[in-house]
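A.B. asks: Sharing a structure below in structure tokens format, with a few things to ask.
Quick note: the coordinates plus some simple rules give every number you see, no bench work behind them. Every value quoted in this text rests on a predicted model; they were computed, and no experiment measured them. As a convention, Cβ positions derive from the backbone with ideal geometry for all residues, glycine included, and neighbour counts pool all protein chains shown.
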Amino acid sequence: MNHLARILNLRNFLIIIILAISLCVPLIIESPYILDIWITIFLQAFLNNAWNILGGYCGQPSFGHAAYFAIGAYTSTILFMDYNVSPWIGMIVGIFLAAILAVAMGYPSLRLRGPYFVFITIGFTEAIRLILINWERVGGAMGLLIPLKQSSLIHFQFDSKVPYYYIALLMLAAGVSMTYMIENSKLGSYFVATREDEDAAESLGINTAYYKTLAFVISAVLIALGGTFYAQYVLYIHPETTSTLRVSCTLLAMAVIGGAGTVLGPVVGAFLLVPLEEYARGLLGGQARGLHLIIYAAALVVVATIAPGGIVGLISKTRLSSKIQRTIRGQGAEI
């Protein structure tokens, strides 16, 4: 019991230290470029975490989350540009639309097993992308350039990157906290049971179709929220940057490399791969477009070979192995 208390205290202490460092970064670093990398890491980690609820815990690897990202970005942007509605309200509307579409698409498609669900999510993303490209009302192939207004919280526009930094950090903290609560609740147990053996879960009375749809809705809602933040941060949205298969593959790759089905795995994936992508882009400029996808693919091959549970899974497995070895040595010494 005392050992468990020490572990929990150590974990809480480390979390406090990490949060303290994160809160102090803008006070130490003034470079907009460095802050932009941090903001990108936080946003990507938040999006990875959202995908992880469905793909990691529930075992439904979706390639269609880019569609919900685009819904969040385009909904808030159109309401802001055409009707002068605050992006915060537009965010709520986008979340609502994403939830409706997630239910409409998720409930029938999640009843399918194997590659069929993957094919449907890919087709859904492509359908949304084609609609956005050919719909002049929402900018078409030209995209939408969000107009600058007065710097204020209401307009979700700021003269400095610091407010964006803290908003992204708050989003990530909230997303990780939600995942932690899900993992340690009955809902998380149902998700994991569905992932491990859907037939066995149903035999125990778990309505797997309902819980898979619920995971889909939670995941889609969080992704749409991230889409609104992205639109207001970048101030330009385009079908090729919001609703392509590349966006969905990035979410999957980072979550799996970090450790799908764990709380910290998607965060670790973002902290490792976003700086690596930025470094490769800065080193090669525009000469190797799409290089980051090659990096993700190579990392996935390595992880699948060495650590199928991702980096976090490998660390947990190593710690467990060390604990078992210490226990065996201790028993041997007693004998």
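A.B. asks: Give a residue-ordered list of calculated ³J(HN,Hα) values for region 83-89 (Karplus: 6.51 cos²θ - 1.76 cosθ + 1.60, θ = phi - 60°; whole Hz; x for Gly, Pro).
C.D. replies: Listing the rounded values in order: 10, 6, 8, 4, x, 5, 6 Hz.
A.B. asks: With a ≥ b ≥ c the root eigenvalues of the C-alpha gyration tensor of region 11-158, is it rounded (a/c under 1.5), prolate (a/b larger than b/c) or oblate?
C.D. replies: On the way: a/c = 2.26, a/b = 1.19, b/c = 1.90.
The shape class here is oblate.
A.B. asks: Next question, about the same structure. Once phi is turned into θ = phi - 60°, what whole-Hz ³J(HN,Hα) does the Karplus curve with 6.51, -1.76 and 1.60 give for every residue of region 21-35, x standing for Gly and Pro?
C.D. replies: Result, rounded to whole Hz: 5, 4, 5, 8, 4, x, 7, 9, 9, 9, 5, x, 5, 5, 5.
A.B. asks: Taking a ≥ b ≥ c as the square roots of the Cα gyration tensor eigenvalues, with a/c under 1.5 meaning rounded and otherwise prolate when a/b beats b/c, else oblate, which class fits region 35-334?
C.D. replies: Because a/c hits 1.5 or more and a/b exceeds b/c, region 35-334 counts as prolate.
A.B. asks: Between ILE92 and ASN184, how high is the FRET efficiency from 1/(1 + (r/R0)^6) when r is the Cβ-Cβ distance and R₀ = 22 Å? Nearest 0.05. Could the numbers behind the result be given before it?
C.D. replies: Values: r = 28 Å, r/R0 = 1.26.
So, using R0 = 22 Å, E works out to roughly 0.20.
A.B. asks: Moving on. If you count, for each residue, the other Cβ atoms within 10 Å and average over each peptide, how do 218-224, 164-170 line up from highest to lowest?
C.D. replies: Values: 218-224: 27.9, 164-170: 19.3.
Ranking, from highest mean packing down: 218-224, 164-170.
A.B. asks: Follow-up. Could you compute the FRET efficiency for SER31 and LEU204, with r as their C-beta to C-beta distance and R0 at 45 Å, rounded to 0.05?
C.D. replies: Working: r = 54 Å, r/R0 = 1.20.
Computed FRET efficiency for SER31 and LEU204 comes out at 0.25.
A.B. asks: Going by C-beta contacts inside 10 Å, put SER185, SER22 in order with the fewest on the left.
C.D. replies: Numbers: SER185 11, SER22 16.
Final ranking by Cβ density, sparse to dense: SER185, SER22.
A.B. asks: Using 1/(1 + (r/R0)^6) with R0 = 22 angstrom and r between the beta carbons of ILE122 and ALA304, what's the FRET efficiency to the nearest 0.05? List each step's numbers first, then the result.
C.D. replies: Working: r = 20 Å, r/R0 = 0.93.
For R0 = 22 Å, the calculated efficiency reads 0.60.
A.B. asks: In degrees, nearest 10, range 0 to 90: what is the angle between the Cα axis of helix 115-134 and the longest Cα principal axis of the chain?
C.D. replies: Result, in degrees: 20.
A.B. asks: Please give the helix 186-196 orientation as an angle from the longest Cα principal axis of the chain, in degrees from 0 to 90, rounded to the nearest 10.
C.D. replies: Approximately 80 degrees, to the nearest ten.
A.B. asks: Could you check the spin-label model distance between LEU19 and SER152? Points 7 Å from the Cα along Cα→Cβ, value in nm.
C.D. replies: Modelled inter-label distance: 3.1 nm.
A.B. asks: Roughly what angle does helix 310-334 make with the longest principal axis of the chain, taking Cα atoms, 0 to 90 degrees, to the nearest 10?
C.D. replies: Helix 310-334 and the main axis of the chain meet at about 10 degrees.
A.B. asks: While we're here: What are the aspartates and glutamates whose alpha-carbon lies under 17 Å from the alpha-carbon of LYS212, with same-chain residues fewer than 8 places away excluded?
C.D. replies: Within the straight-line cut-off, LYS212 pairs with GLU183, GLU196, ASP197, GLU198, ASP199, GLU202.
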